[in-house]
1. Given the C-alpha centroids of the range 184-203 and the range 141-176, what is the distance between them in whole angstrom?
2. Got the relative contact order for the chain handy, in percent, Cα pairs under 8 Å and 6 or more residues apart?
3. What number in nm² do you get for the range 140-187 if you take the convex hull of its Cα atoms and divide its surface by four?
4. Hey, could you get me the Stokes-Einstein D for the chain, Kirkwood radius over alpha-carbon pairs, 10 °C and 1.306 mPa s, rounded to whole µm² s⁻¹?
5. For the chain, give the share of DSSP beta bridges that are antiparallel, in percent and rounded to the nearest 5; count only bridges with both residues there.
6. For helix 72-83, what angle does its Cα long axis make with the longest principal axis of the chain, in degrees from 0 to 90 and rounded to 10?
7. Using helices alone, I'd like the mean residue ellipticity at 222 nm for the chain: each DSSP H run of four-plus residues gives -39500 (n - 2.57), total over residue count, nearest 500.
8. Using only the alpha-carbon atoms of the range 102-150, report the extent along each of the three principal axes, biggest first, to the nearest angstrom.
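Bear in mind these aren't lab numbers, they're just calculated from the coordinates by the rules spelled out. All values reported here derive from a predicted model rather than from experimental measurement. Every residue, glycine among them, receives a Cβ derived from its backbone with ideal geometry; neighbour counts consider all protein chains shown.
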Amino acid sequence: MTTNKADVTGKTSGNRWYLSIMSPNTKGEKFAWLDPTSIYINGDAFHDLLDDLVVDLEHVKCDVVGGLDAMGFVLGSALATRLGVGFLPIRKAGKLCVDTDSATFSNYSGRTQDMEMRKPAFATGTKVLLVDQWIETGGTMDGAIRLVQQQGGKIAGLVAIAMEDNEKTASYRKKFPCITAVLPDTDLQQQCNRQNLDSFASYDPSMVFPKIR
């Protein structure tokens, strides 16, 4: 079985239908509570997601997109291509074979990790758009922000499929343009905050299978 935007919602683009095909966690508490990569698998979903983000970024100017290890690489590099700018991977420690700057952060599970960025990565004053798949506690994004600022870069904005509401993410919204596929002050945002989407009740993996051509 394959699906497209009409199969899932009975509607066409413009309603962010692709958010209803995100996968629930089926492996337990040590994993994230959902998996948005089902959006990437489905061509219609991925392209509509990028279309919406590009429109919402109309007034946000950047010189490069910085994607956070690991799933921010997928969304960030695709978005960089759409925006016509380069892509900068911001990696977990020990992966880069060049000189790096590093920052320590606490991830969504409370585990402390180090993040690295190539040094130098850009000229002072470069506008960097930071992209991650999901912003939950804000710890990982905080590490990336500090890395960019260490090298004299400017944060052009933050992008994610969703950003949960908490004290840390509220501070991000005050400081930077924050673009998310899940729109703030919506019912879907509230579902994200409680970490349980209504669409999980009807989720079927076959809904997101790529089209066979």
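1. Measuring centre to centre over Cα atoms gives 23 Å.
2. 22 percent
3. 3.5 nm²
4. Calculated translational D: 89 µm²/s.
5. The antiparallel fraction comes to roughly 35 percent.
6. 90 degrees
7. -8500 deg cm²/dmol
8. Taking max minus min along each principal axis of the Cα atoms, the range 102-150 gives 34, 18, 13 Å.
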